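The values are calculated or read from the model by the stated rules, or taken from the named source; none is laboratory data. Treat the numbers as computed from the prediction; the structure is a model and nothing was measured. Virtual Cβ from ideal backbone geometry, glycine too; neighbours counted across all protein chains shown.
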Amino acid sequence: MKTFNGIDEFERAVGSHLGDSDWHTITQEQIDLFAEATGDHQWIHTDAERAARGPFGSTIAHGYLTLSLVPKMIWQIYTVEGLSMGVNYGANKVRFPSPVPVGSWVRAGAELVELNRGRNGARATVRVTIEREGGDKPVCVAEILSVLVPERASRSSL
């Protein structure tokens, strides 16, 4: 994992690849729990017997399940020290170019695309590309936005 000592050091990494996460296995239990949490019980995710005869040959992870792994994987790639907080601000673009069959191994790579300074911190844009072991296309590509607030910023000025 890369550790950046404050926003200034992180800003110098704009345009660079920050690293890759560990590999993570996508299990049917994860898929089922995600389906339960979101109410998305579409058969391609939850019905192994029917999905085996379907277009992917097995159940597949929800795209948003794959996206929801981004925070876990980002923490394995980099951290910025000297912050009072870093918060998710949203996403500019999210695409799911390829499915994630159950049992797949996935990992994320991150590139710091942009860092814009504000009065009380900075907004970072990180392109996260999630790949599947053995896959020929990414399974998720997202531009993730984060607000970084240095320790010295006052709460009332946020």
Exercise for review: Take region 9-56 and flag every residue that is under 20 Å from the mean Cα position of the chain (by Cα), farther than 26 Å from T79 by Cβ and loosely packed, with under 13 Cβ neighbours inside 10 Å.
Suggested key: E29, L33, A37
Point to revise | Residue in region 93-103 that is farther than 29 Å from D32 by Cβ and either within 18 Å of the chain's Cα centre (by Cα) or not in a loop (DSSP other than H, G, I, E, B) (or both) present | key: no
Point to revise | Flag for S98 being touching an Asp or Glu at 6+ places or on another chain (Cβ under 7 Å), hydroxyl-bearing (S, T, Y) and touching a residue at least 40 places away in the same chain (Cβ under 8 Å) | key: no
Exercise for review: Please indicate, with yes or no, whether at least one residue in region 104-123 is modelled with pLDDT of 95 or more and touching a Gly at 6+ places or on another chain (Cβ under 6 Å).
Suggested key: no
Study note, to complete from the structure: Result of the Cβ filter at 7 Å on region 127-143, keeping first residues that are over 20 Å from E114 (Cβ atoms) and touching a residue at least 12 places away in the same chain (Cβ under 8 Å) and partners that are surrounded by fewer than 18 Cβ atoms within 10 Å (Cβ to Cβ) and of a type in the set (D, E, K, R), at least 6 apart or interchain, is none
Check your understanding: Does region 53-88 hold any residues that are touching a helix residue (DSSP H, G or I) at 6+ places or on another chain (Cβ under 6 Å), among the β-branched types (V, I, T) and not in a loop (DSSP other than H, G, I, E, B), and which are they?
Key -> I60, V80
